[in-house]
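Asks: Let me begin by handing over the structure; questions about it come next.
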Amino acid sequence: MKLKISLLFILLSLVLVIVIYIFNKGKDIKNVDNITNRLTKSISFEEYINSAKSVYKFKENTIHINLESNGSFENLDLNEKLILLEYFAKQLRYFIHIGMDTISSQNVKITIETITKNNEFQVMNEVPYKKAYEASESTFFINGKYNKTSRLLRMAIHNEIAKDPNSAHELEIIDYAKYIYNLITSNGKYYDYERDTPIILDAIQEKYGVTLEEFDEIYMKHYLNLDL
């Protein structure tokens, strides 16, 4: 009798674990969808992306994003397209890190695809072994063929930016943004996106007179080179 009760208890426990697992995975899918939709509507991406569909594959621990890009994306040069796609992957990974406990921002793989009139672009974003989530690296494919890595892209952008006479002033603005960020968040330890971002942007605007749109453009231009 005791054996039957023990077996029944074990069986019920296993069923409960499975139910909780399925419930959490359902929440994961919904949360990834919410983050993806927020990103497409953000100032960095709304001009270039009409919509996005996300799929979270549990077994492969992979998030796949299919972006519907538009004519503005089509008009970007190749490196600008790749920068935008990697930035989307990095932003997605960041929001997973601060908003989701059940998906590891360090271990999850992110793939992004978008199709233009002439080409199909794919980005595979992963975090190198024993690296922090911020150190994720991407590999770019065009029409299924390898194009370059984010490290090679950084080198190409770095050489272009070095010729720009406005770079020093733009980097000064970014350095000031980082200073305010570290000051009010204890070097990122207590960062809250919705609370702290307006404070940082207001400080930048007051000191340098740049708009939110102008700062976003400056950051997009330089972010790949910030860790060189």
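Asks: Can you pull out every residue in the stretch 45-93 that is within 17 Å of ASP216 (Cα to Cα) and open to solvent by 70 Å² or more (accessible area, probe 1.4 Å)?
Replies: Once the filter is applied, which keeps residues that are within 17 Å of ASP216 (Cα to Cα) and open to solvent by 70 Å² or more (accessible area, probe 1.4 Å), the stretch 45-93 yields GLU46, GLU47, GLU80.
Asks: Let me ask something else about it. Suppose we filter the stretch 79-102 for residues that are free of Cβ contacts under 8 Å to residues at least 12 places away in the same chain and either within 22 Å of LYS148 (Cα to Cα) or touching a Lys or Arg at 6+ places or on another chain (Cβ under 7 Å) (or both); how many remain?
Replies: So the first thing to find is which residues in the stretch 79-102 are free of Cβ contacts under 8 Å to residues at least 12 places away in the same chain, and the list is 80, 101.
From what is left, the residues that are either within 22 Å of LYS148 (Cα to Cα) or touching a Lys or Arg at 6+ places or on another chain (Cβ under 7 Å) (or both) are 80.
Number of matching residues: 1.
Asks: Okay, next question. Among the residues of the stretch 55-79, count how many are closer than 25 Å to ALA132 by Cα and among the charged types (D, E, K, R).
Replies: 3
Asks: Tell me whether the stretch 134-150 contains one or more residues that are farther than 27 Å from ASN118 by Cβ, aliphatic (A, V, I, L, M) and within 23 Å of the chain's Cα centre (by Cα).
Replies: So the first thing to find is which residues in the stretch 134-150 are farther than 27 Å from ASN118 by Cβ, and the list is 134-136.
Filter once more, keeping what is aliphatic (A, V, I, L, M): 135.
Those left that are additionally within 23 Å of the chain's Cα centre (by Cα): 135.
The answer is yes; a qualifying residue exists.
Asks: For TYR181, are the conditions met, namely being of a type in the set (Ser, Thr, Tyr), closer than 22 Å to TYR87 by Cα and free of Cβ contacts under 8 Å to residues at least 24 places away in the same chain? Even if it seems obvious, please write down each step before you answer.
Replies: Values: of a type in the set (Ser, Thr, Tyr): yes; closer than 22 Å to TYR87 by Cα: yes; free of Cβ contacts under 8 Å to residues at least 24 places away in the same chain: yes.
So TYR181 passes the test.
Asks: Out of the stretch 26-68, which residues are touching an Asp or Glu at 6+ places or on another chain (Cβ under 8 Å) and in a helix (DSSP H, G or I)?
Replies: THR40
Asks: Further question: State the number of residues belonging to the stretch 172-199 that are basic (Lys, Arg) and either modelled with pLDDT of 85 or more or more than 18 Å from ILE96 (Cα to Cα) (or both). Full working, then the answer.
Replies: Kept after step one, since they are basic (Lys, Arg), are these residues of the stretch 172-199: 178, 189, 195.
Those still in the list that are either modelled with pLDDT of 85 or more or more than 18 Å from ILE96 (Cα to Cα) (or both) too: 178, 195.
Of the residues in that region, 2 qualify.
Asks: In the stretch 138-171, which residues are at pLDDT 80 or above and basic (Lys, Arg)?
Replies: LYS145, LYS148, ARG151, ARG154
The values are calculated or read from the model by the stated rules, or taken from the named source; none is laboratory data. Remember, it's a predicted structure, so these values are computed and weren't measured experimentally. We place every Cβ from the backbone using ideal geometry, glycine too, and count neighbours over all the protein chains shown. These accessible areas exclude ligands, DNA and RNA; they are computed on the full protein's heavy atoms, side chains included. Shrake-Rupley method; radii C 1.70, N 1.55, O 1.52, S 1.80 Å.
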